[in-house]
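See structure below.
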Amino acid sequence: MVELPKDCEWDMIVLDIDGTLLDRQGIIPEMIYLVRELEKKGMVVSLASGRTLPNITPIHQSLGISGFIVGENGGMVWDSGKGHPIKALADGSRPKEAAQWLGTQIDGLNPEGIESNRWRETEWCLTEVEDWEEVRDAIASSEWSDISVVPTGFAVHLTIPGHDKASGLRVAFEQRGVDPARVIACGDAPNDIPMFDLVGFSVSVSRNYPEVVQAADLVTDAHGKEGSLELLRALCERIGS
């Protein structure tokens with residue numbers, strides 16, 4: 001059971017996707033119903049993910065939500081519902097170069113990374129490696145030391161400085177005239193921490209990363225998408241009461 005603070009009011013919820021909204025087993029059908037109920041009750045639902053726009057757009061359409069999309073961990077912003085064009089907020093050439101260099105330094109590392117890199121414009125993603133800290137340490141002592149290495153549990157993202165979910169959300173919020181203080185965000189991994197720090201209230205659905213737990217205002221008892229389900233139920237009940 002999720003206990004939400006009684007003195008907070010929110011206009012929007014921003015949901016992470018992988019590990020939060022869905023996992024490798026898919027999405028819980030009730031989740032679709034609940035996000036649509038939130039929209040009917042006046043709460044806008046938006047998505048912020050490390051996925052590319054071609055990966056996120058079908059999910060956005062399937063959910064039937066009116067909010068915006070922030071993709072590539074803040075690098076891409078698309079708010080077609082309000083008539084705003086797609087915005088690329090970073091250049092992904094240096095992260096790609098860094099990945100190619102890493103392939104010469106770490107045995108078994110595939111610099112081509114995950115398949116969706118073919119659509120990636122602002123960062124580069126490596127497949128989840130057992131020792132992501134080795135990637136971080138190698139980058140830190142290289143000419144690409146400015147590149148951030150962020151694990152998500154599904155991939156390892158290489159990003160340029162200042163490029164994170166918060167930077168993308170600031171652009172999306174400004175376009176809509178949304179006050180971040182009136183936004184609740186839900187996620188599960190280190191790439192969600194900048195988003196947590198930006199919004200008025202944050203919820204983690206995972207205890208896998210101590211730094212994420214520390215950054216969140218609330219941690220659900222259930223894990224992953226089951227935790228998100230608890231949160232969405234609580235929000236629907238709260239708004240309906």
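Every number in this text was worked out from the coordinates using simple rules, so none of it is lab data. Treat the numbers as computed from the prediction; the structure is a model and nothing was measured. Every residue, glycine among them, receives a Cβ derived from its backbone with ideal geometry; neighbour counts consider all protein chains shown.
Odds and ends about this structure:
- Taking a Cβ cut-off of under 13 Å around Ile17, the surrounding Lys, Arg, Asp and Glu residues balance to a net charge of -2, with basic ones at +1 and acidic ones at -1.
- Rounded tilt (10° steps) of 165-176 against the dominant C-alpha axis of the chain: 50
- Other residues lying with their Cβ under 12 Å from the Cβ of Ala155 contribute a combined charge of -3, Lys and Arg counting +1, Asp and Glu -1.
- Three-way shape label, segment 93-159, alpha-carbon gyration tensor, a/c 1.5: rounded
- 3J(HN,Hα) couplings calculated from phi for segment 7-16 with the Karplus curve 6.51 cos²θ - 1.76 cosθ + 1.60 (θ = phi - 60°) are, in sequence order, 9, 10, 10, 10, 9, 8, 10, 10, 10, 5 Hz; Gly and Pro show x.
- Rounded, prolate or oblate (a/c below 1.5 giving rounded, otherwise prolate when a/b exceeds b/c) for segment 152-241 by Cα gyration tensor: oblate
- Cα long-axis angle, helix 225-240 against the chain (0 to 90 degrees, to the nearest 10): 30
- The 3J(HN,Hα) values that the Karplus relation (6.51, -1.76, 1.60; θ = phi - 60°) gives for segment 195-200 are, in residue order, 5, 4, 5, 7, 8, x Hz. Gly and Pro appear as x.
- Taking 7 Å steps out from each Cα toward its Cβ at Glu211 and Gln175 produces label points 2.9 nm apart.
- The length gained by stretching the chain between Trp119 and His84 to full extension, at 0.36 nm per residue less their Cα-Cα distance, is 10.6 nm.
- Using alpha-carbon coordinates, inclination of helix 29-40 to the longest axis of the chain, degrees: 60
- If R0 is 35 Å, the Cβ-Cβ spacing of Leu22 and Asp107 corresponds to a FRET efficiency of close to 0.60.
- MRE, 222 nm, helices only [DSSP H, n ≥ 4, -39500 (n - 2.57), over the chain, to nearest 500]: -10000 deg cm²/dmol
- Relative packing of 17-30, 147-160, which averages over residues the other C-beta atoms within 10 Å, highest first: 147-160, 17-30
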